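> So that we are looking at the same thing, I have put the structure below in C-alpha cells.
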Amino acid sequence: MFFFKVQFMFIIYLVLFHIYFIGNAFASANCRQREYRIGEDCCPTCPAGMYVKQHCTESISTSCRPCTEGTFQDNMNGREQCFSCTNCDAGLGLKVKKFCTVTSDTVCENLDGYFCIDSNRDGCIAAQRHIVCSPGQYISQRGTADKDTECLQCTNGTFSNGTSTSCQPHTK
C-alpha cells in the first residue's frame, strides 16, 4: 500500500510539474507585441540600436542604453547587451561592403581575386582565392565574385602558360 501511495504522489507531482511549465509557456506567449517576458512580467522592449540597462518593475518601465561603438542591435529587443560587429578579415579574402552601425551589422564582400563560397542575405561570410590555371591549361571562364576560375586542358599540338584564354599552336 505504501508503494502505491508513493507512486500515486509521484504521478500527481509529474502532472502538476507539466501543468506548471505548460502554463508558463502560454503565459510567455501572452506578452503583447513590443514586449518581452522577464520572470512573470512583460516589459516594453528597447528599440533597435539599444539594449536593456534595467528591466521593468511594477513601478518603472524598461531602461534602455545605446549600443556602443563596435556593437549593434538590429531589432526591438529585451537583451542585456548588443551584438559584436562582424570583422571582415582580409586574410580570409573579405573586405567591408557596408560598415557596422548601432542598428546593423557589418556587411562583407570578397576581395578581388576571390569568390564567395558562403553568403548571407546581404554579403559574403567566407571567400576563397580563384584557382590559377597551370601550364598546359587555358582559362575557359574567368573567375567572378560568385564563381571560381575554370581551366581546361590544351589539346594536342597546342600550348598555354596558364594565363591566357586560349591555347596557341606549336610552331613547326
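The values are calculated or read from the model by the stated rules, or taken from the named source; none is laboratory data. These numbers were taken from a predicted model, which means no experiment stands behind them. Positions of Cβ are backbone-derived with ideal geometry, glycine not excepted, and every protein chain shown enters the neighbour counts.
> With the condition kept exactly as written, say whether any residue in segment 135-147 is of a type in the set (Lys, Arg), outside any loop (DSSP other than H, G, I, E, B) and surrounded by 12 or more Cβ atoms within 10 Å (Cβ to Cβ). So that I can check it myself, show each step before the final result.
Initial filter on segment 135-147 (of a type in the set (Lys, Arg)): 142, 147.
When the remaining residues are screened for being outside any loop (DSSP other than H, G, I, E, B), the result is none.
No, the conditions are met nowhere in segment 135-147.
> Of all residues in segment 111-123 being at pLDDT below 95 and surrounded by 15 or more Cβ atoms within 10 Å (Cβ to Cβ), which is farthest from THR86 (Cα to Cα)?
Looking at the filtered set, the residue picked out is SER119.
> Output the residue which, of all residues in segment 148-172 that are hydroxyl-bearing (Ser, Thr, Tyr) and in contact (Cβ under 8 Å) with a residue 12 or more places away in the chain, is surrounded by the most Cβ atoms within 10 Å (Cβ to Cβ). Before the answer, list the steps.
Start the filter on segment 148-172 by keeping residues that are hydroxyl-bearing (Ser, Thr, Tyr), which leaves 149, 155, 158, 160, 163-166, 171.
Now drop any that are not in contact (Cβ under 8 Å) with a residue 12 or more places away in the chain, which leaves 149, 155, 158, 160, 163-166.
Details: THR149: 17, THR155: 9, THR158: 14, SER160: 21, THR163: 11, SER164: 14, THR165: 11, SER166: 10.
Filtering segment 148-172 for residues that are hydroxyl-bearing (Ser, Thr, Tyr) and in contact (Cβ under 8 Å) with a residue 12 or more places away in the chain, the one surrounded by the most Cβ atoms within 10 Å (Cβ to Cβ) comes out as SER160.
> Considering only segment 45-59, state which residues are among the β-branched types (Val, Ile, Thr) and either in a loop (DSSP other than H, G, I, E, B) or surrounded by fewer than 20 Cβ atoms within 10 Å (Cβ to Cβ) (or both). It would help to see each step written out before you state the result.
Residues of segment 45-59 that are among the β-branched types (Val, Ile, Thr), as a first pass: 45, 52, 57.
Once the filter is applied, which keeps residues that are among the β-branched types (Val, Ile, Thr) and either in a loop (DSSP other than H, G, I, E, B) or surrounded by fewer than 20 Cβ atoms within 10 Å (Cβ to Cβ) (or both), segment 45-59 yields THR45, THR57.
> Among the residues of segment 67-95, what is the count of those that are surrounded by fewer than 18 Cβ atoms within 10 Å (Cβ to Cβ), farther than 30 Å from ILE38 by Cβ and in contact with an Asp or Glu (Cβ under 8 Å, 6 or more places away or on another chain)?
Number of matching residues: 1.
> Out of curiosity, is ARG79 more than 30 Å from GLU150 (Cα to Cα), of a type in the set (Lys, Arg) and outside any loop (DSSP other than H, G, I, E, B)?
Values: more than 30 Å from GLU150 (Cα to Cα): yes; of a type in the set (Lys, Arg): yes; outside any loop (DSSP other than H, G, I, E, B): no.
So ARG79 does not fit the description; no.
> Also, quick follow-up: Within segment 67-76, can one find any residue that is without any contact (Cβ under 8 Å) to a residue 24 or more places away in the chain and of a type in the set (D, E, K, R)?
Yes; the residues of segment 67-76 include at least one that is without any contact (Cβ under 8 Å) to a residue 24 or more places away in the chain and of a type in the set (D, E, K, R).
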